[in-house]
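Q: Pasting a structure here, questions to come.
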Amino acid sequence: MGLLDQKFESGGVIITQVDDLINWARLSSLWPMGFGLFPRPSPRQSDVMIVSGTVTFKMADRIKRLYEQMAEPRYVISMGSCSNCGGPYWQHGYHVVKGVDKIIPVDVYVPGCPPRPEALIGGILKLQEKIRTETLAVPKALLAMMEKQPGQVEIP
Amino acid sequence: MKSAFDLLAELLVNRFGETAVVAENTPLQPRLRIATERIADVCQFLHENEQTYFDLLECLSAVDNGPGTGTMEVFYHLYSIPYEHALALRIVFPRNDASGNLPEVPTVSHVWRTADWHEREAYDLLGIRFAAHPDLRRILLPADWEGHPLRKDYTEQDRYHGISVKYE
């Protein structure tokens, strides 16, 4: 941040790239989508989904549905060992999905069981770093998909 | 002087006969083994009789003894709030019926509403069917899950809705 503050101080005129402005706005106003814990705004108004616990197969369909209801650009933070890879249930937890990335794409993994509060804040800062480098001109996600499957691009 | 357990055992043996009720003086908790087909009648009697008045089903739990033994058990822990006495019952039955299907035992959900969800859990995880249960659906796992995970010979399915179940 600091980008706008400095510009204000030097004469009240802002000169910036649209990319920078949009990225700054996005990363400064991330609206988290929690579920299961307490009532939240609708997924349609949320920017980032924080998966903060064990994902069971019964929950998997619901999580996928919620993710699909979010408008793009959307991000996912996987918080803690359980949602990263199944955690302690990796071997005998027949009912546990071994990582939420089997259902939806994950942007940032926060390790820990449970993660310390600082670790989650660190994860959000990491996500902001990621958003800061995005650009309207080159849709990186699309390019990555085309590289993976040339000729058959599927827009999710 | 006879213990409360002995008195209860005597009462039930007189009412239902020696083949239907067997007292088991196991060290930690004495219990009564009830003939499987009589369990609902015995529970109804214990609930309604003024001398016993077991108004609370504390817990209904089930055990799989494995394919080697070939039996399963259901335990009933009863408590009477006015009399402050407790009783444990158990039934033993084959893991599968004659044609290899899941076993079926009488329900006690009409005696205690508590048993409704407890029996659903026993059905979900151990595959015990409770005859005449009003709503015998899975209670924890998804409705389209395959198998009953706490049975000793359970192996989980490879995939569920396209997601691999095992860690890979």
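Q: Can you tell me how many residues in segment A:64-112 are surrounded by 15 or more Cβ atoms within 10 Å (Cβ to Cβ), among the acidic types (Asp, Glu) and outside any loop (DSSP other than H, G, I, E, B)?
A: Result for segment A:64-112: 1.
Q: For residues that are within 9 Å of another protein chain (Cβ to nearest Cβ), assigned to a loop (DSSP other than H, G, I, E, B) and either touching a Ser or Thr at 6+ places or on another chain (Cβ under 8 Å) or of a type in the set (Val, Ile, Thr) (or both), tally how many sit in segment B:156-168.
A: Within segment B:156-168, residues that are within 9 Å of another protein chain (Cβ to nearest Cβ), assigned to a loop (DSSP other than H, G, I, E, B) and either touching a Ser or Thr at 6+ places or on another chain (Cβ under 8 Å) or of a type in the set (Val, Ile, Thr) (or both) number 1.
Q: Looking at segment B:40-84 only, could you name the residues that are of a type in the set (Val, Ile, Thr), more than 27 Å from B:Asp153 (Cα to Cα) and under 14 Å from the mean Cα position of the chain (by Cα)?
A: Of the residues in segment B:40-84, the ones of a type in the set (Val, Ile, Thr) are B:42, B:52, B:63, B:69, B:71, B:74, B:81.
Of the ones still in play, those that are also more than 27 Å from B:Asp153 (Cα to Cα) are B:42, B:52, B:81.
Selection gives B:Val42 alone.
Q: Does A:Lys102 meet the test of being of a type in the set (Lys, Arg) and away from every other protein chain (no Cβ under 12 Å)?
A: Details: of a type in the set (Lys, Arg): yes; away from every other protein chain (no Cβ under 12 Å): no.
Considered against the rule, which asks whether it is of a type in the set (Lys, Arg) and away from every other protein chain (no Cβ under 12 Å), A:Lys102 comes out as no.
Conditions tested, residue by residue: (1) within 13 Å of chain A (Cβ to nearest Cβ); (2) at negative phi; (3) in contact with a Phe, Trp or Tyr (Cβ under 6 Å, 6 or more places away or on another chain); (4) free of Cβ contacts under 8 Å to residues at least 12 places away in the same chain.
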| residue | (1), (2), (3), (4) |
| --- | --- |
| B:Ile128 | no, yes, no, no |
| B:Ala131 | no, yes, no, no |
| B:Trp145 | yes, yes, no, no |
| B:His148 | yes, yes, no, no |
| B:Tyr154 | yes, yes, no, yes |
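Q: Would you mention how many residues in segment B:9-51 are under 25 Å from B:Asp97 (Cβ atoms) and not charged (D, E, K, R)?
A: The qualifying residues number 15.
Q: Still on this structure, please answer the following. Among the residues of segment B:111-125, write down those that are crowded, with 16+ Cβ neighbours inside 10 Å and away from chain A (no Cβ under 14 Å).
A: The answer is B:Val111, B:Trp112, B:Ala115, B:Asp116, B:His118, B:Glu119, B:Arg120, B:Ala122, B:Tyr123.
Q: What single numbered condition from (1) at pLDDT below 80; (2) in contact with a His (Cβ under 9 Å, 6 or more places away or on another chain) fails to hold for A:Ala60?
A: (1)
Q: Where in segment B:1-76 are there strands (runs of 3 or more DSSP E), lying wholly inside it, with at least 1 residues that are surrounded by fewer than 15 Cβ atoms within 10 Å (Cβ to Cβ)? Steps first, answer last, please.
A: On the way: elements: B:21-24, B:31-34, B:56-64.
Hits in segment B:1-76: B:21-24, B:56-64.
The values are calculated or read from the model by the stated rules, or taken from the named source; none is laboratory data. Quick caveat, the model's predicted, so the values are computed rather than measured. No Cβ is skipped: glycine too gets one built from the backbone with ideal geometry, and neighbour counts run over all protein chains shown.
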